[in-house]
Amino acid sequence: MNRLIVCFALVGSVSTAAAAPELKETVVHDTSKSIALQLTDETVLCSSADYGALFLKVLIPQLASMTLLDHQNLGAGAPCVAAGMCQPGRMPEDILDPSEPSETVDVRVKAIRVDEIDREKQTCTTSLTERVDVTIRGFDFAHERYASLGERPISDCGIAPDDKADQAGPPVKQEAAGCAATGGASGGMFVLAMLGVTIVRRRRRS
């Protein structure tokens, strides 16, 4: 009984794994741009907007024209990037320098199309993930946004639809009724032999 239970469990896990959707990622664009970043008390701050805890953030208004998705946190007033939770050694004062209120930085924006392919349904669900990365005065900042683009036919994701005709198997050869049922060629020879006997008997009578 225990062996049967194990076997059924293995079969169930294999079936589940086989039905799991496939993921296909395609880089839509990956660009970098140098911008002059303003670093003041208004743009460098600890904020909990959209995070649930105080994170070190820098507001970058230029991101609005560089990105496809909205990277603005709730009530922030401009798109932003974050460098982790605020703590000693990672605070606004560790970035701010009154003598240098601005700095030129390289902002990298990478957008990835993600296709979740379901071969059983012959569909794919597409989404877009966009990530912003920038290093500001020795601190690595990032921000990521996600947007669902809906479901579409599997061919829209560069996957050829399954050919149902190929799955039906080779055609079954059907025998013609009559000859095959009477034994094929041997049945025909038997009929000819009987005709010969009938002809001989008629000649003898005449």
- Hits in the range 61-77 - residues which are within 31 Å of the chain's Cα centre (by Cα), aliphatic (A, V, I, L, M) and either closer than 21 Å to ASP41 by Cβ or buried (at least 20 other Cβ atoms within 10 Å of the Cβ) (or both): LEU63, LEU74
- Single condition THR67 does not satisfy, out of (1) more than 26 Å from LEU128 (Cα to Cα); (2) at pLDDT 95 or above: (1)
- Query: Are any residues in the range 103-142 outside any strand (DSSP E or B) and within 29 Å of LEU45 (Cα to Cα), and if so, which ones?
  - Reply: ARG137, GLY138
- If the Cβ limit is 8 Å and pairs must be 6+ apart or interchain, which residue in the range 59-77 that is in contact (Cβ under 8 Å) with a residue 60 or more places away in the chain and more than 21 Å from SER127 (Cβ to Cβ) pairs with which residue that is surrounded by 13 or more Cβ atoms within 10 Å (Cβ to Cβ) and among the small types (Gly, Ala, Ser)? ILE60/ALA78
- Among (1) of a type outside the set (Val, Ile, Thr); (2) closer than 16 Å to VAL134 by Cβ; (3) over 27 Å from the mean Cα position of the chain (by Cα); (4) at pLDDT 95 or above, which single condition is ARG108 missing? (3)
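The values are calculated or read from the model by the stated rules, or taken from the named source; none is laboratory data. Predicted model, so just to flag it, every value in this text is computed and none were measured. Cβ: placed from backbone, ideal geometry, glycine included. Neighbour counts: every protein chain shown.
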